[in-house]
Ligand SMILES: [Zn+2]
């Protein structure tokens with residue numbers, strides 16, 4: 001089961017946890033845990049990935065194997081191409097490539113009545129984690145591009161960071177994944193200038 005279970009406090013919560021915004025937030029967090037701190041090309045521990053899934057609404061400890069995490073990491077590396085796009089046109093082209101190569105036909109599921117009806121592009125509800133992660137992310141990013149007509153996010157401009165970030169609302173484009181990275185780079189630039 002890829003979605004939260006039956007214990008849902010409010011009807012609002014029920015639908016917001018399955019919103020496009022919630023899905024892309026989860027996509028960004030998963031890409032970062034799966035590829036952000038792995039310059040040596042190793043996958044993170046399954047527990048670290050499960051922790052992110054739980055933080056984004058998965059109830060109970062998802063049973064992830066190292067193979068599942070390895071597949072999810074491959075998916076994350078593909079999804080990074082969407083975030084590496086400098087312009088919405090390039091992000092759309094990257095998404096089209098991924099959809100063509102990895103997505104099945106659109107179908108609706110309620111996971112046996114335990115979630116609101118929502119679309120999936122993977123083949124089955126109990127399919128591989130990597131396929132689920134890649135297709136659910138592509139679907140949400142596609143809707144985001146459609147809705148906002150701008151690139152869905154970007155790669156952190158800090159050379160020592162590999163994180164992706166999501167564009168926020170209609171404000172100016174951000175360059176860093178976090179305040180921490182922005183501050184670090186501002187301090188580094190200041191030091192370079194005064195050397
Ligand atoms: Zn960063």
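Since every read-out is calculated from the coordinates, none of them should be taken as a lab result. None of these values were measured; they are calculated from a predicted model. Note that we place each Cβ from the backbone using ideal geometry, even for glycine, and neighbour counts take in every protein chain shown.
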Checklist line | MRE, 222 nm, helices only [DSSP H, n ≥ 4, -39500 (n - 2.57), over the chain, to nearest 500] | finding: -16000 deg cm²/dmol
Note to self: Given bins 5 angstrom wide, list per bin the percent of all Cα-Cα distances in segment 41-195, short to long.
What the structure shows: 2, 8, 14, 18, 18, 18, 11, 6, 3, 2, 1, 0, 0
Checklist line | Most mobile of 166, 139, 64 in a GNM of the chain (Cα contacts under 10 Å) | finding: 64
Note to self: Compute the angle between helix 46-55 and the longest alpha-carbon principal axis of the chain, please, reported from 0 to 90 degrees and rounded to the nearest 10.
What the structure shows: 80 degrees
Check: What angle do you read, to the nearest 10 degrees and between 0 and 90, between the alpha-carbon axis of helix 129-148 and the longest principal axis of the chain?
Finding: 70 degrees
Notebook entry, point to check: Could the peptides 95-108, 71-84 be put in order, highest first, of the mean number of other beta-carbon atoms found within 10 Å of their residues?
Noted result: 71-84, 95-108
Margin query: Output the 0 to 90 degree angle, nearest 10, between the alpha-carbon long axis of helix 66-84 and the longest principal axis computed from the alpha carbons of the chain.
Written below: 60 degrees
Margin query: Just to confirm my numbers, what's the Cα centroid distance between segment 91-109 and segment 114-157 in Å?
Written below: 9 Å
